[in-house]
Structures are given as structure tokens and as C-alpha cells.
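Trainee: Pasting in a structure now, in C-alpha cells, and then I'll have a few things to ask.
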Amino acid sequence: MQPPYRILRGFGSVPLCALEFSIIVEDPNVGDTLTAYWYVDYDPNQPRGADREVTLLPKGNDPRREERPTIKPIFNSAEFSRLNTPGDHVVEVVVSDRALQGRVPQADIVQLPNGETLTNPGYATSYVWFVRTERGNCP
């Protein structure tokens, strides 16, 4: 994980005028397409889509994906603007092997030739960082 610590203080003050969040993704189902959904200050009472989505296509037989899903918020930029407000914020990434509805993976339902159905519920996992933004001296 980048940054390796979960609590970041002083965003908006030099030298923390820009941040970089990234993760290493592994999946033993090497044929699955994965998606990293990035959220800043997600509120379950006001559901919305992800602030950014990064698709990770399968490549080879290595469970670890080469690409690292990343976001790079810069203080006072329009992208990830919720982080510009002084106070406490949550940056979260949810990685799933299925499309999300809300923030829950949607099951794949397959009709078998014998008439039975097979349900693959999908899988999702998340990681969270806490960011404190301060009024500072970033340009």
C-alpha cells in the first residue's frame, strides 16, 4: 500500500500538497478482470458512483497484477475536490471481480444444461486511509 500508513496529517501544507495512493492487487483467479473503485468521503446515506475506476485485465498466470491502481490528489485541484476542505476525510479503494451495485459485488448467475443454476457471488475487498486536510501554504 502507498502510503504505507493509514493516517495522514497536514494535507494542504507544504510538503503535503500532493498525495499518491496505490495498492498491489492479487487474485488467485488469474483469468478474472478486476476493478478498483476509488472513493473520497463516501456516504452510504447518499450513495454515488466511484470517484475513479481502474480496470485490471488478466495477464499471464501470475496472481499479482502488474498494474497498481493509483490516484494522485493535488491540493486545490478540482479532481478529488472533497479533500480540499479542511477537516478529516476518508480515502477508500474497493477491489472487486464483479460489477458493484452500491458497493456490493453483483453475483453471476449461470443456467446449467441440466436446468440448475450456479451462482458466483463475486468477491470484494477494501482498504482505507484517513486524511486530515489543513489550511496551509500550498500553491
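The values are calculated or read from the model by the stated rules, or taken from the named source; none is laboratory data. If you're wondering where the values come from, they're calculated on a predicted model, not measured in any experiment. When we count neighbours, we look across all protein chains shown, and the Cβ atoms used for this are built from the backbone with ideal geometry, even at glycine. Ligands, DNA and RNA are stripped out before the accessible areas are found, and what is left, the full protein with its side chains, is counted by its heavy atoms. Shrake-Rupley method; radii C 1.70, N 1.55, O 1.52, S 1.80 Å.
Trainee: Where does the longest stretch of the chain lie that holds no trypsin sites (Lys or Arg not before Pro) found in a DSSP loop with 14 or fewer other Cβ atoms within 10 Å?
Mentor: 60-134
Trainee: Given the Cα-Cα distance of Thr119 and Arg64 and 0.36 nm per residue of separation, how much length would full extension add, in nm?
Mentor: Details: separation 55, 0.36 × 55 = 19.80 nm, distance 2.55 nm.
Between Thr119 and Arg64, full extension yields an extra 17.2 nm.
Trainee: May I pose another question? Provide Thr133, Thr33 ordered by accessible surface of protein heavy atoms (probe 1.4 Å), highest first.
Mentor: Sorted by accessible area, descending: Thr33, Thr133.
Trainee: Separate question: Ignoring ligands, DNA and RNA, what accessible area per residue does the chain give at 1.4 Å, in Å²?
Mentor: On the way: 8400 Å² over 139 residues.
Normalised by residue count, the accessible surface of the chain is 60 Å².
Trainee: Over the chain, what is the relative contact order in percent, taking alpha-carbon pairs closer than 8 angstrom and at least six residues apart? Intermediate results must be reported in sequence, preceding the final value.
Mentor: Values: 278 pairs, mean separation 44.9, N = 139.
Computed over the chain, the figure is 32 percent.
Trainee: So what's the convex hull volume per residue for the Cα atoms of the chain, in Å³? Let's see the in-between values first.
Mentor: On the way: hull volume 16.6 nm³, N = 139.
Once divided by residue count, the hull of the chain is 119 Å³.
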